[in-house]
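Colleague: This structure is in structure tokens; I'll ask about it shortly.
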Amino acid sequence: MTKRDGIVKRVATTVVLVAAAVVVVTLILIGVYVGRVVKTAVDNDGPQMTQTSVTVDTVQLSLLTGSAKVKGLVVGNPNGYKASQAMSVGVIAVGVDPATIFRDKVVFRSLRLESPQITFEGGLSGNNLGQILDNLDSTRRKSGTTVTNAPATSKPEKKYEVDDLTITGAKVQVSLTGTQGQQEITLPDIHLANLGTIGDGITASDLAQRVLSAISSATMEDVATTAASLDKNAATLKQAGGSPAKQPGN
């Protein structure tokens with residue numbers, strides 16, 4: 001190898017390294033930017049969908065690894081309920097296909113809600129979680145009407161695909177109507193798969209409704225068991241109080 005060839009090789013290597021560094025830095029900056037956009041979207045669109053307060057602390061996205069973390073998600077309670085929040089999630093771990101970030105349909109390979117804290121207020125016929133579900137359904141119907149009547153030049157609504165969704169370690173503080181105090185129950189892991197895989201995908205409100213519906217269904221099942229247990233215990237205590245045991249010798 002001549003001296004000139006050596007110089008050319010070093011220059012080429014330097015150019016490749018610089019180009020790689022630029023690509024890495026660009027991906028990091030885009031990830032930070034998209035993370036901020038997602039946080040703003042949650043803070044702005046969340047309250048409109050649920051008709052409650054919705055906030056998130058941070059959204060961290062890495063396009064290099066195709067991973068993201070949503071930290072400090074808090075969904076407030078509807079009006080008329082005592083607790084300040086219906087649900088909070090410390091960390092939501094997301095596996096995303098980086099190639100779909102800027103497409104109309106974003107693909108989440110995995111979505112994992114870790115140890116959500118949930119509040120259940122009311123009864124089986126009416127409660128805070130059911131109210132939020134009704135609000136989401138109302139938003140979906142209005143969104144469908146808006147899209148149908150929207151001008152052809154309007155930007156299409158972002159859609160999503162979630163291949164695997166897991167909710168693990170969920171704890172529910174239950175406040176049943178007509179009872180005093182609270183009882184904590186731990187929900188079994190919830191697993192959903194292949195959401196929005198067919199066609200154009202599902203909207204953010206569709207996804208939120210499916211997640212909350214799964215949580216609400218699991219909660220209602222446990223609450224029904226808890227309520228039945230409370231009724232049984234109350235009946236047992238009433239029977240014991242009304243029929244005192246006979247004293248020896250009587």
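Colleague: List the pairs whose first member sits in region 59-77 and is in contact (Cβ under 8 Å) with a residue 24 or more places away in the chain, whose second member is among the charged types (D, E, K, R) and not in a strand (DSSP E or B), and whose Cβ atoms are under 6 Å apart, counting only residues at least 6 apart or on separate chains?
Modeller: Note: pairs meeting the criteria are 59/39.
Colleague: Return the residue satisfying two criteria in turn: it lies in region 152-175 and is of a type in the set (Val, Ile, Thr) and either out of contact with any strand residue (DSSP E or B) (no Cβ under 7 Å at 6 or more places or on another chain) or exposed (fewer than 15 other Cβ atoms within 10 Å of the Cβ) (or both), and of such residues it is modelled with the highest pLDDT.
Modeller: Narrowing region 152-175 to residues of a type in the set (Val, Ile, Thr): 153, 162, 166-168, 172, 174.
From what is left, the residues that are either out of contact with any strand residue (DSSP E or B) (no Cβ under 7 Å at 6 or more places or on another chain) or exposed (fewer than 15 other Cβ atoms within 10 Å of the Cβ) (or both) are 153, 168.
Values: 153: 47, 168: 94.
That would be 168.
Colleague: Name every residue in region 130-151 that is surrounded by fewer than 17 Cβ atoms within 10 Å (Cβ to Cβ), of a type in the set (Gly, Ala, Ser) and at pLDDT 50 or above, in order of residue number.
Modeller: Listed by number, the residues that qualify are 138, 144.
Colleague: Still on this structure: Of everything in region 73-96, what is assigned to a strand (DSSP E or B) and of a type in the set (A, V, I, L, M)? Give them in sequence order.
Modeller: We begin by selecting, within region 73-96, every residue assigned to a strand (DSSP E or B); these are 73-76, 85-96.
Result: 73, 74, 75, 86, 87, 89, 91, 92, 93, 94, 96.
The values are calculated or read from the model by the stated rules, or taken from the named source; none is laboratory data. Here the structure is a predicted model, which means the values were calculated and not measured. So basically every Cβ, Gly included, is an ideal-geometry build from the backbone, and we count neighbours across all protein chains shown.
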